[in-house]
1. Using modelled backbone amide H atoms (1.01 Å from N, in-plane), which distant-in-sequence or interchain residues come within less than 5 Å of residue 137's amide H?
2. Round to a whole angstrom and tell me the spacing of the C-alpha centers of region 125-144 and region 427-445.
3. Could you run the Debye sum over the Cα atoms of region 356-453, one equal point scatterer each and no solvent, and tell me log10 of I(q)/I(0) at q = 0.13, 0.23 Å⁻¹, two decimals?
4. Show me the ranking of peptides 316-322, 182-188, 69-75, 148-154 by mean Cβ neighbours inside 10 Å, starting with the highest.
5. Counting each pair of different Cα atoms once, what's the Kirkwood radius of region 291-383 in Å, rounded to one decimal?
6. Ranked by Cβ crowding within 10 angstrom, fewest neighbours first, how are 229, 99 ordered?
7. Taking the radius of gyration and the Kirkwood hydrodynamic radius from Cα positions alone, what is the Rg/Rh ratio for the chain, to two decimal places?
8. Residue 294: which aspartates and glutamates have alpha carbons under 15 Å from its alpha carbon, excluding same-chain residues fewer than 8 sequence positions away?
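Any read-out appearing in this document is the output of simple, stated calculations on the displayed coordinates, not a laboratory observation. Worth saying up front: this structure is predicted, and the values here are computed from it rather than measured. Cβ: placed from backbone, ideal geometry, glycine included. Neighbour counts: every protein chain shown.
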Amino acid sequence: MEKIVSLAKRRGFVYQGSEIYGGLAGTWDYGPLGVALKKNIENLWWKRFVLDREDMYGIDAALLMNPNVWKASGHVDGFADPLVEDVKTHRRYRADHLLEEAGVDPKGMTAAQMDQTLKEKGIRSPDGNTLGDVKQFNMMFKTSIGASGDESSISYLRPETAQGMFVNFKNVMDTFHPKLPFGMAQIGKAFRNEIAPRDFIFRVRELEQMEIEYFVRPEDWRKHFDYFLNEQKDYLTKDLGLPEQYIHSVEVPAVDRAHYSKHSVDTEFDFPFGQKELLGLAYRTDFDLGAHAKASGVDLSYYDEETKERFTPHCIEPTFGVGRLFLAILSGAYAEDEKNGEVRTFLKFSSNVAPVKAAVFPLLKNKPELVAKAREVYVDLKVQIPQLMWDDNGNIGKRYRRQDEIGTPYCITIDFDTLGESGDEKKDTVTVRERDTGEQTRLPISELAKKVNGS
Ligand code: GAP
């Protein structure tokens, strides 16, 4: 894991948040290559789940919402993690994490059961001190809206993007008149005041989610649930290229399910620190639309013109954390090999997600005719492959190492043969080197786009 964190920083994928001030726990900043990888994750998701379908409506709701949203949704009362305090240092810990570290599986335990187990087993804080009682800690960030600063101004940074879709259900119904089943989709930030942010970008306080609320007839929920479980898997393996053997579906026991869910299946991934939740799928029933209709007094029901029935649709929710997908891709792609006693580090990104699809070099930097030809190739190719990099720093070996470390699938070198100076049959051909094998082939410039795009 340290190697991955260090590479992520060294090569401009992820930096510590507010680093020059010593950082801010649970926040990370994405650098130039990190943004490129993140956008690939998001664009592939948007393509599969929105653009390629006729039944999905994209939205982008405000992060700040009327506080009544969070009362009705159950987050004010129920969005909490089990917290326990070291009675001496007053440092606070997640009770389930302390149990895990002591070799006890906390899955399925209530807060009271965790409290009892910690006490029975005499488990202490990491500093060796006695622990207090386990309490539920609400994870929503409170904020104050406007200048008054009194109780009525309190709102929250949204802890999930989902509610932005439920509160816009009627708007989408009124403007587009969709027929069931249909869904709403959104990519955006969410905030959680995690007790213990950890494992790099795995558990953070400011995160990005990609969520779908898919509305169905109540009796059809299972069919759509199974369908989306399969779609989630296809997105991970076919779009993002994650290895299938690292992916596991795990049914969530009732006591661990979110307050709104009647059935949940998490997809877990083999991260370097163990098998952990990557993304989720929940059957939210009519919990949210029902709760908002009741609290707001606005009718959120659906009228089926064929069956002449009026009812509240039920909801299937596939939810994805962008940061966790990013970390799964990064850790799944990390590889080392050895040649002539030298260790090489490379990222085996699938070309779909690679932040740089190919790099173009002149063989030598101090030969103007080579640089001019290489620039010409680069400029022409960049029109077809926007995620293309120019690199003329250091010698060719160093450039290969650098591109390997950022997972660039192809390196394209323009040399004297390209100029046609040493025999015409190689004129306008270049060397293409493949990242994983290091194999080099000679290709006409006209075939480069096809090669890099894999078609
Ligand atoms: N709307 C449903 C919902 O928010 P969740 O299981 O609490 O469900 C969904 O979160 C996904 O968001 C998780 O599967 C995970 O990928 C991501 N996620 C949640 N909390 C996170 C955190 N603190 N840091 C990073 N990602 C997180």
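1. 81, 83
2. The two parts, judged by their Cα centres, are 57 Å apart.
3. Once normalised to I(0) and log-transformed, intensities are -0.38, -1.28.
4. Values: 316-322: 23.6, 182-188: 21.6, 69-75: 19.7, 148-154: 10.0.
Peptide ranking by packing, descending: 316-322, 182-188, 69-75, 148-154.
5. Details: mean 1/r = 0.0501 Å⁻¹.
Mean inverse Cα-Cα distance, inverted, gives 20.0 Å.
6. On the way: 229 15, 99 23.
With the fewest neighbours first, 229, 99 line up as 229, 99.
7. On the way: Rg = 26.0 Å, Rh = 25.0 Å.
My calculation of the ratio gives 1.04.
8. Within the straight-line cut-off, residue 294 pairs with 286.
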